[in-house]
1. Filter region 93-108 down to residues that are loosely packed, with under 15 Cβ neighbours inside 10 Å and outside any loop (DSSP other than H, G, I, E, B) and give me whichever is modelled with the lowest pLDDT.
2. Scan region 47-72 and report the pairs whose first residue is assigned to a loop (DSSP other than H, G, I, E, B) and whose second residue is surrounded by 10 or more Cβ atoms within 10 Å (Cβ to Cβ) and among the aliphatic types (A, V, I, L, M), with Cβ atoms within less than 8 Å and a gap of 6+ or a chain change.
3. Restricting to region 73-92, name every residue that is under 14 Å from the mean Cα position of the chain (by Cα), within 15 Å of the ligand (Cβ to nearest atom) and exposed (fewer than 15 other Cβ atoms within 10 Å of the Cβ).
4. Mind checking which residues of region 11-28 are exposed (fewer than 10 other Cβ atoms within 10 Å of the Cβ) and either modelled with pLDDT of 90 or more or aliphatic (A, V, I, L, M) (or both)?
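The values are calculated or read from the model by the stated rules, or taken from the named source; none is laboratory data. All values derive from a computational prediction rather than experimental measurement. As a convention, Cβ positions derive from the backbone with ideal geometry for all residues, glycine included, and neighbour counts pool all protein chains shown.
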Amino acid sequence: MSENSNETEVKTVQSNPTLESEVNSARINALELKVETLSLITESMWNIVKDHSLEDSFDLKSEMAKVIGQREERSAEKVTCVHCGSEELLISGICSQCSEPLKGSDGISVFDY
Ligand SMILES: [Zn+2]
């Protein structure tokens, strides 16, 4: 694919307000679903923490800082696609060259997006 095809695609979206609006609506719907899922996960996890009387036994801010560091490491982790040999970022889930799922990406957390 040449760079021209990308430019054409962008121009099409920019010159078609209805399509742009539909694309944005779909993206917003997908984001709302993700936020709702994260909200459910967070509330459920917090319930488990309270059920075990653990809410005073850890430092949430320190844990969040640790997770931020772990995510930075994960987002830089690379794998070689077993189908085409391309070197890819594991976090992307699929190969950018052949679109095959990357081996190991199925272990990525539901929180990784
Ligand atoms: Zn590939």
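1. Taking the candidates together, the pick is Gly107.
2. Hits for this filter: Glu55/Val49.
3. Ser92
4. We begin by selecting, within region 11-28, every residue exposed (fewer than 10 other Cβ atoms within 10 Å of the Cβ); these are 15, 17-18.
Scanning region 11-28 gives a single hit, Thr18.
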